[in-house]
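Just so you know, all these numbers are worked out from the coordinates, no wet-lab data involved. Keep in mind it's a predicted model, so treat the numbers as computed, not measured. Please note: Cβ atoms are built from the backbone with ideal geometry, for glycine as well, and neighbour counts cover all protein chains shown.
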């Protein structure tokens with residue numbers, strides 16, 4: 001990024017609409033309206049699910065809309081607990097498994113019952129981390145940090161059979177509550193091939209919007225990676241894939257598509 005012109009890099013800007021009904025493509029955002037020859041959309045699948053109807057003009061092709069609906073987008077959050085150095089009660093590499101002796105009825109189940117273990121964090125001897133996923137992760141996000149800390153300490157005390165010191169700090173992810181994420185990772189759901197001759201896959205989401213033979217609106221992000229969806233490297237590779245798609249078109253056509 002060191003050679004990228006700083007005046008062309010706009011951070012903390014929310015895109016409201018991508019309009020490719022005529023060329024060049026027009027982007028409406030909190031900066032106003034700007035025109036571009038090509039667009040690469042890297043919005044998370046959760047945002048596309050929530051806002052696909054307002055984000056694109058004209059409406060996306062029906063197969064792409066169906067793919068956005070069919071692909072799964074899960075929630076997985078981490079909870080980090082920091083303890084004072086004098087109160088560290090574990091060794092590097094320790095894992096504390098949470099096993100409930102009695103099965104918890106659904107009517108009494110709470111989000112913290114989904115935590116199955118606490119792990120020591122590599123290279124930070126004062127941290128433990130817990131994972132919580134699915135609807136339980138969503139419920140955790142609505143709790144206060146004090147409540148999350150209290151419940152985690154109760155679980156650890158139950159596992160170790162003794163009263164433990166309170167954490168000095170807590171840090172958690174809240175992917176579902178983030179309006180620019182609305183979840184964590186994509187996955188291939190059963191809806192992708194339900195009663196269909198051809199399954200709806202990440203490659204369908206990745207297909208660009210064409211004007212003539214020009215890929216004017218391209219799609220990248222982990223949910224568009226055919227083999228590495230739900231991963232950071234899948235997201236990275238997808239960005240390179242779409243940049244290459246545009247570069248190849250420009251090279252073969254000696255410039256951007258004509259305005260229409």
Inter-label distance for residue 121 and residue 103, nm, one decimal - labels placed 7 Å from Cα along Cα-to-Cβ: 3.6 nm
Per 0.36 nm of contour for each residue apart, how much would the distance between residue 10 and residue 195 grow if the chain were fully extended, relative to their Cα-Cα spacing? 62.3 nm
Taking the C-alpha atoms of segment 76-172, how large are the radius of gyration and the largest Cα-Cα span, Dmax, in Å? 13.0, 40
On a full-extension model of 0.36 nm per residue, what is the gain between residue 147 and residue 160, subtracting their alpha-carbon distance, rounded to one decimal in nm? 2.7 nm
Likely footprinting exposure, 259, 153, fewest C-beta neighbours within 10 Å first: 259, 153
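Under the 0.36 nm per residue contour assumption, what length would be gained going from the current alpha-carbon distance of residue 31 and residue 203 to full extension?
Stretched out fully, the residue 31 to residue 203 stretch lengthens by 58.8 nm.
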What's the ranking of 83-95, 211-223 by average number of surrounding C-beta atoms within 10 Å, highest first? 211-223, 83-95
Taking only C-alpha pairs under 8 Å that are 6+ residues apart, what is the relative contact order of segment 162-260 in percent? 18 percent
From a point 7 Å beyond the Cα of residue 243 in the direction of its Cβ, which residues of segment 2-31 have a backbone N at a distance under 13 Å? 2-5
If each Cα of the chain is one equal point scatterer, what is log10 of I(q)/I(0) from the Debye formula at q = 0.12 Å⁻¹? -0.86
How many nm separate the modelled label positions at residue 110 and residue 2, each set 7 Å beyond the Cα in the direction of the Cβ? 5.2 nm
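Below 8 Å, C-alpha to C-alpha, sequence gap of six or more: please give me the relative contact order for segment 76-172 in percent.
Numbers: 139 pairs, mean separation 41.6, N = 97.
RCO, segment 76-172: 43 percent.
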What relative contact order, as a whole-number percentage, does the chain give when Cα pairs under 8 Å and 6 or more residues apart are counted? 23 percent
Classify segment 1-85: rounded, prolate or oblate, from the alpha-carbon gyration tensor (a ≥ b ≥ c, eigenvalue square roots; a/c under 1.5 rounded; otherwise prolate if a/b is larger than b/c)? oblate
